[in-house]
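Inspection log for the structure reproduced underneath, given as structure tokens.
The values are calculated or read from the model by the stated rules, or taken from the named source; none is laboratory data. In this text the structure is predicted, and so the values were computed from the model without any measurement. Neighbour counts run over all protein chains shown; Cβ positions are idealised from the backbone, glycine included. The protein model used for the area step is the full one, side chains on, heavy atoms only, and it has no ligands, DNA or RNA in it. Shrake-Rupley method; radii C 1.70, N 1.55, O 1.52, S 1.80 Å.
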Amino acid sequence: MSCGMRHKFSTCAFAAIALLLAGCGDGGGGVSSSSTASNVQAITVEAGPANTTNTLFTSVTVCVPGGSDCRTIDHVLVDTGSSGLRIMASELPASFVLPQLTDSGGDPLVECTQFADGYTWGPVKSADVKIAGEQAAAVPIQMIGDPGFAAVPASCSSTGPAENTVAAFGANGVLGVGVFMQDCGSICAVSAIPGFYYACPVSGCQETTASLERQATNPVGLFANDNNGVIVELPAVPDAGAATVTGALVFGIGTQTNNGLGAAQVFKVRPDTGRFVTAYNNQTYTDSLLDSGSSAYFFADNNIAVCDPSDPYAPGFYCPPSTQDLSAAINGTNGASATLGFSVANAHALVNDNPGNVAFNNLAAPEVLPGGFIWGLPAFFGRNVYTAIEQQNTSAGLGPYVAF
Amino acid sequence: MLLIATMAPRGASATLGGAMASVEADQQVMNASQQITANNAAYTVYELQTAAGTKIREYVSSAGTVFAVAWDGPSLPDLRQLFGSYFAQYTEAAAAARRGHGHLVIRLPELIVESSGHMRAFFGRAYLPKTLPQDVTLSDIR
């Protein structure tokens, strides 16, 4: 999610305008032909609160369950690579109090959410979640950095650096709309694993189990309607990138006139990891993912030059002398296969030559996971990418799958 | 690659950069099972498996020093335990080098860390470039 590249020139003025625009409503408006539909939410790629590249944002409204006391949070990451809604406590007034969920023993349930680059820590609260015209009741969400649970257990902080502020996390929250219903799943329901869920009475926190219905949950799966998945619709961007890109997050697959699969090809994914296979350069990568929360294509290719690790714009990204036009094949577990072309530009030049642009379709970096090939946000430009939730029925059968 | 029997804990302290005995310390702290998965002239690999199912491989040189660790599985391992005295350097550098939550690369003169993945499927490795034994290539550490 988001990107470590910072911009050479100040984009404060731009960011301020973007924040003003985002603050004008709950994000229902005006980006696609189907934007008036109740299942369509505006999404934007822009610099955002932490001035990042290739970060996809939307707004999310949370309400006290069953009530009319609601708050809308802008600049929440849209992430098809994770599941569950997480909001920075700093973006909500202290007077806005959501009910605390408890573990089976009645103690407050607090979560340590692991990311490859750090962790978020905060209580699991219950909220009604409203996005566009959709609503989910009593969704377990994580309130990151809640001052009510300031002390982080050692077994959580031992997983990496803290990301409990907007600056550290890169957004005001994250809307995980991936293929899973819960963030952890059954393993956390049966085992008290260090670094996941904690029971936190006043005396201190201990690892605990969390039943599926208490875990941070993909709100889409709990919507009353259009609850079997999402479509991320983003227009193509020029090779030099764009300062702002607007698109649509459409809820449901084949549930309305505006969310049918049409000619899209379905690629089933592994039910345990959500991954599929990508074939590139005569190699097979078994941990492949379509991830709107990753800022670049991540794959290994020793023949492509890498930017200097100390490059001020794109440290460690790919920096070929000239743009490389490549292709790779996506293979679903259902035997479906499609070859996708993509470009890898010189990341240093891309950022240096295009100040103010933060949406790029040709940004790539080396993948360290031996079987990893991550189709990040660049792959979403110019496509409608479907993500079907596990065990939910769709016109193409049960999720989990991706389609485009 | 040799597959050898499970070893009994011996108890000790230290980790990345530490002595071989630190493998047992890691095993105890993380309540993990352990086996040797590779043993050659240059190094021995001790593989731990945590209760969450994450596998950790510790690379011990013939001189008895842990020069690399790698992990894969549904959860991140206890990096404070695995990195030992390098953990503080790691967290400080990581906070300054973010490139998105799915990936992290840290390159310090003494320490390289590469981390990737999402909840339910993580992978990473860390090594001390100045202590890599001869004949060890980076592709061996995985």
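Tabulated data for the structure shown
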read-out	value
Among (1) modelled with pLDDT under 95; (2) more than 9 Å from chain B (Cβ to nearest Cβ); (3) touching a Cys at 6+ places or on another chain (Cβ under 8 Å) - the single one A:THR159 does not satisfy	(2)
A:ALA296, sole failed condition from (1) touching a strand residue (DSSP E or B) at 6+ places or on another chain (Cβ under 8 Å); (2) small (Gly, Ala, Ser); (3) on the phi > 0 side of the Ramachandran plot	(3)
Of all residues making up region B:73-90, the number that are of a type in the set (D, E, K, R) and buried (at least 22 other Cβ atoms within 10 Å of the Cβ)	1
Candidates A:VAL124, A:VAL129, A:VAL166 - the one that is more than 19 Å from A:LEU101 (Cβ to Cβ) and more than 12 Å from every other protein chain (Cβ to nearest Cβ)	A:VAL166
Hits in region B:75-100 (condition: modelled with pLDDT under 90 and at the interface with chain A (Cβ under 8 Å from one of its Cβ atoms))	B:ALA94, B:ALA95, B:ALA97, B:ARG98, B:ARG99, B:GLY100
Residue among A:PHE360, A:PHE380, A:PHE342 that alone is among the aromatic types (Phe, Trp, Tyr), in contact (Cβ under 8 Å) with a residue 12 or more places away in the chain and surrounded by fewer than 23 Cβ atoms within 10 Å (Cβ to Cβ)	A:PHE342
Residue check for A:ASP272: farther than 30 Å from A:SER38 by Cα, under 22 Å from the mean Cα position of the chain (by Cα), modelled with pLDDT under 95 and surrounded by fewer than 18 Cβ atoms within 10 Å (Cβ to Cβ)	yes
Filter result (touching a Gly at 6+ places or on another chain (Cβ under 7 Å) and either under 13 Å from B:VAL136 (Cα atoms) or open to solvent by 20 Å² or more (accessible area, probe 1.4 Å) (or both)) within region B:41-64	B:GLY53, B:LYS55
Listing of strands (runs of 3 or more DSSP E) fully contained in region A:227-340 that carry 3 or more residues being within 14 Å of chain B (Cβ to nearest Cβ)	A:283-290
Single condition A:PRO312 does not satisfy, out of (1) without any contact (Cβ under 8 Å) to a residue 24 or more places away in the chain; (2) more than 29 Å from B:PRO74 (Cβ to Cβ)	(1)
Checklist (1) over 30 Å from A:ALA243 (Cβ atoms); (2) open to solvent by 20 Å² or more (accessible area, probe 1.4 Å); (3) charged (D, E, K, R) applied to A:ASP308, failing item	(1)
Checking A:VAL139 against (1) over 26 Å from A:ALA388 (Cβ atoms); (2) crowded, with 19+ Cβ neighbours inside 10 Å, the condition it does not meet	(1)
Residues (assigned to a loop (DSSP other than H, G, I, E, B) and in contact (Cβ under 8 Å) with a residue 40 or more places away in the chain) located in region A:182-213	A:ASP183, A:GLY195, A:PHE196, A:CYS200, A:PRO201, A:GLY204, A:CYS205, A:THR208, A:THR209, A:ALA210, A:SER211
Selection within region A:123-160 - part of a strand (DSSP E or B) and under 18 Å from the mean Cα position of the chain (by Cα)	A:VAL129, A:LYS130, A:ILE131, A:VAL139, A:PRO140, A:ILE141, A:GLN142, A:MET143, A:ILE144
Leading residue by the ranking (farthest from the other protein chains (Cβ to nearest Cβ)) among those in region B:102-142 that are surrounded by fewer than 20 Cβ atoms within 10 Å (Cβ to Cβ) and among the basic types (Lys, Arg)	B:LYS130
Residue check, A:GLY254 small (Gly, Ala, Ser) and open to solvent by 10 Å² or more (accessible area, probe 1.4 Å)	yes
Selection count where residues are of a type outside the set (Val, Ile, Thr), over 17 Å from A:ALA162 (Cα atoms) and out of contact with any strand residue (DSSP E or B) (no Cβ under 7 Å at 6 or more places or on another chain), scope region B:112-142	7
Residue in region A:61-82 that is at pLDDT below 95, farther than 30 Å from A:GLU207 by Cβ and under 18 Å from the mean Cα position of the chain (by Cα) present	no
